[in-house]
Amino acid sequence: MHLLSMDEKHQKIIESAYKVFIENGIRNVSMDDICRQLGISKKTLYQVVDNKADLLSKITLYIQSQIKSRIYELQHAGLNAIDFLLEMSKASSENHIRINPIVTFEFRKYYPQVYEEYLERKKDLVINGIIQNLEQGIKEGLYRQDLNKEIVAHLYFQKIDEFHNLSKKESEDFSYAKIFEVMFENHIRGISNPEGIAYFEKQKEKLNFNI
């Protein structure tokens, strides 16, 4: 039987705790609840984290490591800039849809410092990724040559952040999937030249965000 290393045990605890928060929210889940649902002792949990805030911080680092791994995979898959953005956006939409909408609200309200630190790291990751994507698309002759890459990247991050902070009322009026699809298509059409738009039209059936 394979025995997990200490690092593997730590990662498994972080992954499992993340799933608990996704399903149940943050505020009403105690560290005792985490231990009970994971089937571990409090001693084991506190070998990995100092407290609930530390657990949330480690979860955000885990999420971002998963995103970086996905980016690395796609960057080495030989995709052009539009297909890369399609795949990353589909993954982001899938992840958002399966998260209980109250999680982001509670995270921001009850753990503001941890949330702000997470948001800053996320901002750097998204903006740097979009700038790289824009540079790739320009080289490939799919995006407009006259783009201000910094401004476009910051505006895209702002839209993503607003999307993740949609109110319950807004999500009832329109599905998250539809809002994300429209937002993504507007972004692609805004940065693409005629060749890029023509390619996007051919690929448009891949915009299946309604999981």
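FYI, it's all coordinate maths here, none of it is from the lab. In this text the structure is predicted, and so the values were computed from the model without any measurement.
Among all the lysines, which ones have a C-alpha under 17 Å from residue 204's C-alpha, if same-chain residues fewer than 8 places away are not counted?
The qualifying lysines are 90, 178.
Past 26 Å, Cα to Cα: identify those pairs from 9/159; 58/123; 12/52; 58/109, in the order given.
9/159
Computed over the Cα atoms, what is the radius of gyration of the chain divided by 2.2 N^0.38 Å, N being its residue count?
This ratio for the chain stands at 1.14.
Amide H neighbours of residue 192 under 5 Å, at least 5 residues apart or on other chains, H built in the peptide plane: list them.
Residues meeting the criterion, in which the H sits 1.01 Å from N, are 144.
Quote to one decimal, in nm, the extra length available between residue 91 and residue 8 on full extension: 0.36 nm per residue of separation minus the C-alpha distance between them.
Using 0.36 nm per residue and subtracting the Cα-Cα distance, I get 27.4 nm.
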